[in-house]
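The values are calculated or read from the model by the stated rules, or taken from the named source; none is laboratory data. The shown structure was predicted, so the numbers you read here are calculated from the model rather than taken from an experiment. Virtual Cβ from ideal backbone geometry, glycine too; neighbours counted across all protein chains shown.
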Amino acid sequence: MKREEFLQRAEKLLRQRRDELRRRVGSGISELQSGDQGNVQDHADAAAEDEFQLFMCSFAELGRHELAEIESALERLREGTYGICESCGKSIPIARLQAIPTAKMCVKCQQEWEKRKASGGDDEEEDEFAA
Ligand SMILES: [Zn+2]
């Protein structure tokens, strides 16, 4: 597959995934809101409701995180920097992008980054949570 062809497909896939996540994260939040007006009188139900809300919270959080990754990948596609390693500036192989469409680094740099992170370097994943 040619790179340009792949980039077009990647953009389409990322957009689909983004829309799907937006719907899911959105419905997760409205479930949470409507859950408040539910049957509060039953204690067993209320406990189950609490667990469900906790689950929905972390689920929505995960979704939001992935959504941010996808938005940033789409931005790189627009800017023409998608598929280029943020660290060494080399092209990320298509096979890797197919497996991880939001990959920002080539395998080598990713491994080095993870090693740095595991050894407790001071430049941890700050930008990951700033979004
Ligand atoms: Zn690299």
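In the range 98-123, the residues that are at pLDDT 95 or above reach residues that are of a type in the set (Val, Ile, Thr) and surrounded by 14 or more Cβ atoms within 10 Å (Cβ to Cβ) with C-beta atoms within less than 7 angstrom, at least six apart or across chains, in these pairs: Thr102/Ile70; Ala103/Ile92; Cys106/Ile92. Kindly indicate whether any position in the range 99-109 is in a loop (DSSP other than H, G, I, E, B), within 16 Å of the ligand (Cβ to nearest atom), among the hydrophobic types (A, V, I, L, M, F, W, C) and touching a Phe, Trp or Tyr at 6+ places or on another chain (Cβ under 8 Å). Within the range 99-109, one or more residues are in a loop (DSSP other than H, G, I, E, B), within 16 Å of the ligand (Cβ to nearest atom), among the hydrophobic types (A, V, I, L, M, F, W, C) and touching a Phe, Trp or Tyr at 6+ places or on another chain (Cβ under 8 Å). Looking across the range 52-97, the residues that are more than 14 Å from the chain's Cα centre (by Cα) and modelled with pLDDT under 85 come down to Phe52, Gln53, Leu54, Phe55, Met56, Cys57.
Filter the range 83-98 down to the residues that are more than 8 Å from the ligand (Cβ to nearest atom), farther than 18 Å from Glu71 by Cβ and not polar (S, T, N, Q) and list them by number. Result: Pro93, Ile94, Ala95, Arg96. All of (1) of a type in the set (Gly, Ala, Ser); (2) assigned to a helix (DSSP H, G or I); (3) at pLDDT 95 or above hold for Gly28 with one exception: (3).
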